[in-house]
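**Q** There's a structure below that I have some questions on.
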């Protein structure tokens with residue numbers, strides 16, 4: 001099932017008479033860590049990837065959520081989540097100038113806590 005279709009069925013399934021049974025999150029984002037100090041996020045400027053430190057990643061469902069969030073950021077071509085280290089690695093389209101702020105916002109919108117970003121040339 002396509003990730004976006006899956007999310008849509010979760011959000012709108014009950015309205016359409018579809019039942020969604022047995023979905024339980026890990027709860028790792030229920031109490032978010034205090035916000036990090038302001039950091040300069042910058043832009044990708046031709047970088048081939050980015051490495052982000054993220055708090056609140058506790059289970060495979062968290063990793064899947066991050067992947068869906070990253071798929072919706074223009075210029076992100078792939079993402080990999082290392083749950084044990086709280087690191088999200090994304091591959092970037094070098095022809096698109098990806099904003100660090102857009103990546104941070106996607107992480108925050110998912111209920112996770114963005115800590116830092118490093119663009120990789």
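Every number here is computed from the coordinates shown, using simple stated rules; none is lab data. Predicted model, so just to flag it, every value in this text is computed and none were measured.
**Q** Over the alpha-carbon set of the stretch 47-121, divide Rg by the Kirkwood Rh and report the Rg/Rh ratio to two decimals.
**A** Across the stretch 47-121, the Cα-based Rg/Rh ratio is 0.92.
**Q** Follow-up question, since we're still on this one. How far is the Cα center of the stretch 82-121 from the Cα center of the stretch 38-74, in Å?
**A** Answer, in whole Å: 3.
**Q** In percent, how large is the relative contact order of the stretch 47-121, given Cα pairs closer than 8 Å and 6 or more residues apart? Could the numbers behind the result be given before it?
**A** Numbers: 137 pairs, mean separation 35.4, N = 75.
Computed over the stretch 47-121, the figure is 47 percent.
**Q** Residue 102 to residue 121: extension gain in nm, 0.36 nm per residue of separation minus the Cα-Cα distance? Can you show the working numbers first?
**A** Numbers: separation 19, 0.36 × 19 = 6.84 nm, distance 1.84 nm.
Residue separation times 0.36 nm, minus the Cα-Cα distance, leaves 5.0 nm.
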